[in-house]
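Visitor: One structure follows; several queries about it will come next.
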Amino acid sequence: VHAFVYYSTDQKVYFVALIIHFAFSIVFAALFIFLAQYWKKTTMWQGAAYGIVIWVAFHIIIMPAMGTVPAAWNQPFDEHFSEFFGHIVWAWSIYAVAVCLAKNEKKNKLENL
């Protein structure tokens with residue numbers, strides 16, 4: 001539980017936090033696919049807008065409010081930079097995979113199971 005790796009020279013990132021981060025990533029990826037089928041604005045900028053919204057919601061508002069990370073103005077710039085663009089790439093890759101999967105379907109639409 002206490003194992004960690006250093007990021008940005010002096011910032012500890014705990015492995016448990018990474019596991020939770022990836023679990024949330026999977027859940028919010030599924031939510032993206034679900035929302036995209038019913039609300040087209042979810043896919044704005046090929047999903048990049050969704051990534052930005054998730055980044056702002058969690059890394060700028062929710063996690064600082066919960067005390068799990070420092071306030072946004074106390075976080076290093078490279079943290080904001082990597083998380084901002086990381087969330088854009090994350091959401092875009094979900095969009096790209098969904099488009100490829102939908103094109104393989106005869107209806108050109110992913111069905112909710």
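The values are calculated or read from the model by the stated rules, or taken from the named source; none is laboratory data. All figures in this text were calculated on a predicted structure; none of them were measured in a lab. Note that we place each Cβ from the backbone using ideal geometry, even for glycine, and neighbour counts take in every protein chain shown.
Visitor: Quick check on L110: is it farther than 21 Å from Y7 by Cβ, modelled with pLDDT under 90, of a type outside the set (V, I, T) and surrounded by 12 or more Cβ atoms within 10 Å (Cβ to Cβ)?
Guide: yes
Visitor: Let me ask something additional. Would you mention how many residues in the stretch 5-64 are over 17 Å from I88 (Cβ atoms) and of a type outside the set (A, V, I, L, M, F, W, C)?
Guide: Within the stretch 5-64, residues that are over 17 Å from I88 (Cβ atoms) and of a type outside the set (A, V, I, L, M, F, W, C) number 12.
Visitor: Which pairs turn up if I take residues in the stretch 55-80 that are closer than 23 Å to T9 by Cβ and look for partners that are surrounded by 14 or more Cβ atoms within 10 Å (Cβ to Cβ) and among the β-branched types (V, I, T) with beta carbon separation below 6 Å, at least 6 apart in sequence or on another chain?
Guide: M63/V69; A72/I60
Visitor: Residues that are surrounded by 13 or more Cβ atoms within 10 Å (Cβ to Cβ) and touching a strand residue (DSSP E or B) at 6+ places or on another chain (Cβ under 7 Å): list the helices (runs of 4 or more DSSP H) wholly contained in the stretch 1-93 that include at least 1 such residues.
Guide: Hits in the stretch 1-93: none.
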